[in-house]
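Read-outs: derived from the displayed coordinates by stated rules, not from any lab. Here the structure is a predicted model, which is why all the values come from computation and not from measurement. In this analysis, Cβ positions are derived from the backbone assuming ideal geometry, glycine residues included, and neighbour counts consider all displayed protein chains.
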């Protein structure tokens, strides 16, 4: 019968295996970015958030990406200079600035996503149906782990 100590050791081993596997996959997916894309992974993450959620304040983006607002402001400034985002005043409070994805930003997100999704789909095709089903079940769990504090 498993003890709490054995379960902790087993969880620690699982944690280590997941960390290594997820980090290797992240690095591999990062390497598959569109060759014309010169944006940092952090900048792409911000564009991705705006694509998924719509416009947001710098503060909300900083909180989502777990960075300090001044760091997010620098990222937004670079994205704005590149034509990927625009700032606009909030309808009811002009002091609040909302960051919105431009068509160029949207196209950049989609091109980058399509390229990496295609690479991953090719790798998934090499797996057995059972392995793909296991990953299908694990995907929401991994997302849940990533969103925890």
Next item on the list: For each of 124, 29, count neighbouring Cβ atoms within 10 Å of the residue's Cβ, then give the residues from fewest to most.
Entry: 124, 29
Notebook entry, point to check: What nm distance separates the two modelled labels at residue 146 and residue 73, each placed 7 Å from Cα along Cα→Cβ?
Noted result: 2.9 nm
Item checked: Per-residue Cβ neighbour rank within 10 angstrom, fewest leading, 16, 71, 92 -> 92, 16, 71
Checklist line | C-alpha long axis of helix 69-81 to longest principal axis of the chain, angle in ° | finding: 60 degrees
Next item on the list: On a C-alpha basis, how far is the centre of the stretch 73-103 from the centre of the stretch 28-54 in Å? Whole number, if you could?
Entry: 17 Å
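If the chain were replaced by its equivalent ellipsoid, with semi-axes equal to the square roots of 5 times the Cα gyration tensor eigenvalues, what would those be, largest first, whole Å? Walk me through the numbers on the way to the answer.
Details: eigenvalues 242, 90, 34 Å².
The answer is 35, 21, 13 Å, longest axis first.
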Check: Tilt of helix 4-31 relative to the longest C-alpha principal axis of the chain, in degrees (0 to 90, nearest 10)?
Finding: 50 degrees
Item checked: Computed helical MRE - 222 nm, the chain, DSSP H runs ≥ 4 contributing -39500 (n - 2.57), nearest 500 -> -23500 deg cm²/dmol
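Would you work out the relative contact order for the chain, in percent, from Cα pairs under 8 angstrom that are 6 or more residues apart? Please list the in-between numbers first.
Values: 102 pairs, mean separation 33.3, N = 149.
So the answer I get is 22 percent.
Pop the C-beta distance of residue 19 and residue 114 into the FRET formula with R0 = 22 Å and round what comes out to the nearest 0.05.
On the way: r = 28 Å, r/R0 = 1.27.
E(calc), rounded to 0.05, equals 0.20.
Rounded, prolate or oblate: which one fits the stretch 98-147, using the alpha carbon gyration tensor with axes a ≥ b ≥ c (rounded when a/c is under 1.5, else prolate when a/b beats b/c, else oblate)? Can you show the working numbers first?
On the way: a/c = 5.35, a/b = 1.66, b/c = 3.22.
Verdict is oblate for the stretch 98-147.
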